[in-house]
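The values are calculated or read from the model by the stated rules, or taken from the named source; none is laboratory data. A quick note: this is a predicted structure, and the numbers were derived from the prediction, not measured. In this analysis, Cβ positions are derived from the backbone assuming ideal geometry, glycine residues included, and neighbour counts consider all displayed protein chains.
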């Protein structure tokens, strides 16, 4: 046991003191934070605005197609499908006479493609315009009246609750999706990174003939387990440091939120505690912060963190043993490892694909069985757990999944 501990300690401190470990540990959270901030800024300010010339043979679309920040409609006289570009338009929308109950093809002519999302948005707007016009013809309700009714009727807000039998616990589907997806991706990446590190360590010692010297003093199992435990401890250390850094960055970000916004958030919290969230008239920023904090409080963080650590360690131990076996089978040519890695990497990749479906349907049969089998359970089960235990994930499924993972290792 003492020899195994010495190997573990050597593997741990050799990697922790490495400059690559220090840089990746402390810089990665900052890079991710900057990436997210840049992505949000690009999403808010990087959208293209399209000007579409509308050639309407029906005469009523001008009343129903309204411009916004992404698409502007131009109904100017003299615009046609030949001169729309010269008039400063991106595309020309040609709408022929429409007959009720008959399918009619309208055309969009462009020099610069609008993109799939904008084309779908344009289809929805045209269909809504036709619907509103038909309502006006049959009931004489104008577009402004319809818009007013839609605005006044948007008063219902859905809240989801998990029925645990004795009580109903409030839940957040969006938060469950985000936690499940992020946990699955983290385990997917860390399994690859540290499993490959074990393989490289075994290959290095074997090609340098160090393993022959070490094996004369320790048993092969002690050597393998020491290397796996040491590198796994490095991964766990890095993960815990990431949690501390991310928590610190979130606390630092709160300093830049204006004081009046925090006051509005507190008013929303007090109003929600009294069961009347409409009492506090807060701005959009305060409402978003309040909703974010409220959704965070709905998660069972103790169970989620425990299961994440278990499945991270279990998945790492399971796959690192397989990666170590590859390293022990490779001779002088490192390219041999690439061909031998395929049978191991394929289950990990398939697990990631299933995880992408499991976060959307955590109770589906594919998600259930993939979360039980040890080849895919570390990634897929973490996509299901935030949706609720023992609701979506019964205790027997969680226990069986953990047991098979330990036996598999």
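Output yes when any residue across segment 330-342 is at pLDDT 75 or above, in a helix (DSSP H, G or I), in the same structural domain as residue 237 (by TED's automatic domain parsing) and surrounded by 13 or more Cβ atoms within 10 Å (Cβ to Cβ), and no when none is. Looking for residues that are at pLDDT 75 or above, in a helix (DSSP H, G or I), in the same structural domain as residue 237 (by TED's automatic domain parsing) and surrounded by 13 or more Cβ atoms within 10 Å (Cβ to Cβ), one finds at least one in segment 330-342, hence yes. When 323, 350, 308 are checked against the criterion of being at pLDDT 85 or above, out of contact with any strand residue (DSSP E or B) (no Cβ under 9 Å at 6 or more places or on another chain) and surrounded by 18 or more Cβ atoms within 10 Å (Cβ to Cβ), a single residue qualifies: 308.
Entry remark, segment 114-145: residues being assigned to a helix (DSSP H, G or I) and closer than 22 Å to residue 51 by Cα number 15 in total. Which one is farthest from residue 50 (Cα to Cα) among residues in segment 86-105 that are within 41 Å of the chain's Cα centre (by Cα) and buried (at least 16 other Cβ atoms within 10 Å of the Cβ)? My answer is 95. Collect the residues in segment 1-21 that are loosely packed, with under 12 Cβ neighbours inside 10 Å and either in a helix (DSSP H, G or I) or at pLDDT below 80 (or both), keeping them in residue-number order. Selection gives 1, 2, 19, 20.
Out of curiosity, is residue 209 modelled with pLDDT of 75 or more and over 36 Å from the mean Cα position of the chain (by Cα)? Taking the combined requirement at face value, the residue does not satisfy it.
When segment 362-386 is filtered for residues that are surrounded by fewer than 23 Cβ atoms within 10 Å (Cβ to Cβ) and either in a helix (DSSP H, G or I) or touching a strand residue (DSSP E or B) at 6+ places or on another chain (Cβ under 8 Å) (or both), the ones remaining, listed by number, are 365, 366, 368, 369. Taking residue 314, is it in a helix (DSSP H, G or I) and closer than 30 Å to residue 244 by Cα? In short, yes.
Does any residue of segment 160-167 turn out to be in contact with a helix residue (DSSP H, G or I) (Cβ under 8 Å, 6 or more places away or on another chain), modelled with pLDDT under 80 and in a strand (DSSP E or B)? Yes, there is a match, as at least one residue in segment 160-167 is in contact with a helix residue (DSSP H, G or I) (Cβ under 8 Å, 6 or more places away or on another chain), modelled with pLDDT under 80 and in a strand (DSSP E or B).
The set of residues in segment 114-140 that are free of Cβ contacts under 8 Å to residues at least 24 places away in the same chain and within 23 Å of residue 97 (Cβ to Cβ) comprises 119, 123, 124, 127, 131, 135, 136, 137, 138, 139, 140.
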